[in-house]
Amino acid sequence: MGYTTWAQEFKEEIVLYTSESAIEFSRNTSGSIGVDSMGRIHIVYGIPDEVSKPPANQILYQMIEENSVSSPVRVDSGDMGGGRHPSLVIDAEDTIHVVWHDYRHTSVAGNYMDNVEIYYDKKTVNHSFSDMDIRLTTTNAGHQGDNGYVPQISAGIENQLHIAWYDFSLNGNNADIYLISSDSNGDFPIQEGIESFRITSVEQNPDDYTSNWAPDLAALPDGSIYVIWGFLRGWQGAYELKGVSVNSDRVLSSIKTIAPKGGRFNDPPRLVADSEGNLALVSTEYVDGFYQVNLHYKSFGGDWQGPVIVNDGTLDASQPCAAFRSPTELLIVWQEDLGGLNQIVLAQVNPLTMVINNRTILSQIDRDAKTPAISSHPGSGKTVAAWIEHGWDGEYSIVLRETEEADVTPWLLY
């Protein structure tokens, strides 16, 4: 099936957390895990509550240092509702920034689906998350269309932060993409309403069902941000893959269609940038009877290239996530359906040539392993992959594998 042993071996599995109830990463796993400059691994995940009204969801955080795993710490501090779909980023000072969407302002009148808002918190080195989360959106329309979903966060130059999400605030059938940025101190503009943050515009026709959905973003060395998302006109059909560049003055370039097909509602596209501003985008597409993992690549200042199919095409492949280990080495993980069980596969790709060098199975064959995340630190070359397993005993676990650190000075000079 085209699998080989990767030259750089991963260490043995570490089980971070086990629960009898469900565990979930964000629908977009790009922001689920990260590695800081000291080689410490940071991870965020959600414990969803599908029973209580309002839901008692929780966002949990853990750190792994030299095979020592910290106890789970709750990030969201609301007294009701709680959060889902967390995304983290680690800035140049090793501060951990986490963003999520939160149900604490929802009400029984809206079936706890009104006023889902975006929240943020941070943890500096050797300190804790605050007891007072920062509310970034205030919509208050009071209906089921009033929701901000699945935010993603990226850190840019001078540690400026950028957060993108999709929101149904104007109409319950139509969604737009929103982008908010902090100042150089990391402070976000807090104000009533969210219209000033909107970067797309769909016709607000209740019969149209036109939506911009599940964005991802990457901050680039010139101070700009690149944002991608799926676009669907009507309920049927594949999501188009859209993208736009936003400069440091918040001026948008023209929106481009990167590909006619770019993922599904529960399997959105993922975007990652290297230290030079090159971009890699992974998404799924149904081709010849199977879902495949596609890779698109954009050099800094260039045009999008691809797609190239990354998996070997023999099984349904989904939930891809990517990380640059250097400008010439891109790592992509995904899940493959074995029929009742899923396995996690990693590919090593040269993005300049779009050549797949290796494919390696990371998970154990008798486990149901899903929704992988991957991250790599550009200074040390340390790479970590994590996923969620559902065991035969009904328990859920977060499983992690990391590589040894490597000298990547030549990569940094590339």
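The values are calculated or read from the model by the stated rules, or taken from the named source; none is laboratory data. Please read all numbers here as calculations on a predicted model, not as lab measurements. Please note: Cβ atoms are built from the backbone with ideal geometry, for glycine as well, and neighbour counts cover all protein chains shown. Surface accessibility is based on the protein's heavy atoms, side chains included, excluding ligands, DNA and RNA. Shrake-Rupley method; radii C 1.70, N 1.55, O 1.52, S 1.80 Å.
Before moving on, here are some points about what is shown:
- In the stretch 304-414, Rg over Rh equals 1.00, where Rg is the alpha-carbon radius of gyration and Rh the Kirkwood radius from pairwise Cα distances.
- Among 372-382, 182-192, the order from most to least packed when residues are scored by Cβ within 10 Å on average: 372-382, 182-192
- Residue separation of residue 138 and residue 201 scaled by 0.36 nm, minus their Cα-Cα distance, works out to 20.8 nm of gained length.
- Treating r as the C-beta distance of residue 355 and residue 238 and R0 as 45 Å, the FRET efficiency rounds to 0.95.
- Residue-level accessible surface for residue 209, protein heavy atoms, 1.4 Å, Å²: 70 Å²
- Formal net charge of residues neighbouring residue 349 (Cβ-Cβ distance under 12 Å; K, R +1; D, E -1): +1
- Percent of Cα pairs in the stretch 209-333 per distance bin of 10 Å, from zero to the largest separation: 13, 45, 33, 8, 1.
- Among the listed pairs 53/261; 261/370; 123/382; 261/382, those whose Cα-Cα separation exceeds 25 Å are 53/261; 261/382.
- If you take the Cα centroid of the stretch 233-298 and the Cα centroid of the stretch 22-46, the two points sit 21 Å apart.
- Derived scalar couplings ³J(HN,Hα) [the stretch 47-61; Karplus, 6.51 cos²θ - 1.76 cosθ + 1.60; whole Hz; x for Gly, Pro]: 10, x, 10, 9, 10, 6, 10, x, x, 9, 5, 9, 9, 10, 10
- Computed label-point distance, nm, for sites residue 393 and residue 364 using a 7 Å Cα→Cβ extension: 1.1 nm
- Subtracting the Cα-Cα distance of residue 93 and residue 192 from their residue separation scaled by 0.36 nm leaves 32.6 nm.
- Ellipticity estimate at 222 nm from DSSP helix runs (n ≥ 4, -39,500 (n - 2.57)) divided over the chain, nearest 500: 0 deg cm²/dmol
- Placing unit charges on each Cβ (+1 for Lys and Arg, -1 for Asp and Glu) gives the chain a dipole about its Cα centre, and among 16, 251, 45 the Cα reaching farthest toward its positive end belongs to 251.
- Among [x] 33, 26, 20; [y] 32, 26, 17; [z] 29, 24, 23, the entry that matches semi-axes √(5λ) of the Cα gyration tensor in Å as calculated here: [z]
- Separation between Cα centres of the stretch 369-405 and the stretch 92-166, rounded to whole Å: 24 Å
- Taking 7 Å steps out from each Cα toward its Cβ at residue 126 and residue 9 produces label points 3.5 nm apart.
- FRET efficiency, residue 111 to residue 341 (Cβ-Cβ, R0 51 Å, nearest 0.05): 0.90
- Length added when fully stretched, residue 256-residue 27, from 0.36 nm per residue minus Cα-Cα: 80.1 nm
- This model, with +1 at the C-beta of Lys and Arg and -1 at the C-beta of Asp and Glu, gives the chain a dipole about its Cα centre of some 600 debye.
- Point-to-point label distance, residue 276-residue 300, nm (Cα→Cβ direction, 7 Å offset): 0.8 nm
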